[in-house]
Every structure is written in structure tokens, then in C-alpha cells.
Amino acid sequence: MSPDHPVEEASAMMRTDDDPLQTDPEHYRLLWENEHVRVLDYTDVPGDRTHVHRHPASVMVTLTGFDRRLVADGRELDVALPAGTAVWLPAQRHSGRNTGSTPTHTILVELLDVPVEGPDPTVLGPGPSQS
């Protein structure tokens, strides 16, 4: 990365066809980024679906209750999280649908410094919590 434009170059490295900012711009909004992290704001309403997209290793913070069905490679996982929860998300590629009765609002902090080996196709949804 050049010292003159590290954010633009980090951002450009993240932009791929399956980047959620590209696949679902009506749901994902870029809040902030640098060469280490990218912070996304996600919103939807009941019944909304996302296209297949990928996330690098991330931390997700639920600002509202979160009821969602995640789908990847023919597998499905129902995830329900209360507002105010922070969870680890291993790198993954999936699509989703709001299966709840209320709008969803979350913040995703994507870690750009984690070595990129691609999403593990066996991973879907939040990872194990650690306290």
C-alpha cells in the first residue's frame, strides 16, 4: 500500500464481486475503514434477503434483536441473538434472510489484518464465544 492512499488501497483490496457493499448496498453501509479494519452498518426488515456475499473474520454487534436464516452450500442455520450481543464471525460466505418479526440493525467490524486463506466452507454463522 502506498503511504499516500492506504485507505483507498485497503478498500480496493476488499472490493470483490461477493463484497456485501457490492451485492447488497441497500443493506450494508460503510461507516469507516483503514488498512486494519472495515466497519459496516447493516439494516433490514422482516423477510429481506441478501445475495451470496463473504465476510472476512469479523466481530458483529447486534443493536437490535437478530433472527436470521443463513444459507451456504446447501446448508442452513437459524441464528437468534438478542440486542447488545457481540459475537465472533469466522471468515465465511453465505446469504441470509431476516426470519424475525422486527427490523435488524447490526455493526460488523471486519478484520483486514487476519491472513486471507478464504472462507472455510464448513463455517456458517457465529463462532464459539469466548469470555
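Things to note:
- Residue-level accessible surface for LEU124, protein heavy atoms, 1.4 Å, Å²: 20
- Computed FRET value (nearest 0.05) for VAL79 with ASP113, which takes r as the C-beta separation and R₀ as 30 Å: 0.70
- The GluC sites (Glu not before Pro) found in region 19-56 that occupy coil by DSSP, while having at most 10 further C-beta atoms within 10 Å, are GLU26.
- Length gained on full extension, TRP32 to VAL71, computed as 0.36 nm times the residue gap minus the Cα-Cα distance: 11.3 nm.
- Full extension of the chain between HIS105 and VAL61 gives 15.0 nm of extra length, using 0.36 nm per residue less the Cα-Cα distance.
- Long-range amide H partners of HIS105 with built H, under 5 Å: LEU63, THR64
- Simple spin-label estimate for SER95 and ASP17 in nanometres, 7 Å along Cα-Cβ: 1.5
- Summing charges over all other residues whose Cβ lies under 9 Å from the Cβ of GLU110, with Lys and Arg as +1 and Asp and Glu as -1, gives 0.
- Applying a DSSP loop filter and a limit of 11 other Cβ atoms within 10 Å to the trypsin sites (Lys or Arg not before Pro) in region 15-66 leaves ARG15.
The values are calculated or read from the model by the stated rules, or taken from the named source; none is laboratory data. Predicted, not measured: the structure shown is a model, and the values here were computed from it. Every residue, glycine among them, receives a Cβ derived from its backbone with ideal geometry; neighbour counts consider all protein chains shown. Heavy atoms of the whole protein, side chains included, go into the accessibility calculation; ligands, DNA and RNA do not. Shrake-Rupley method; radii C 1.70, N 1.55, O 1.52, S 1.80 Å.
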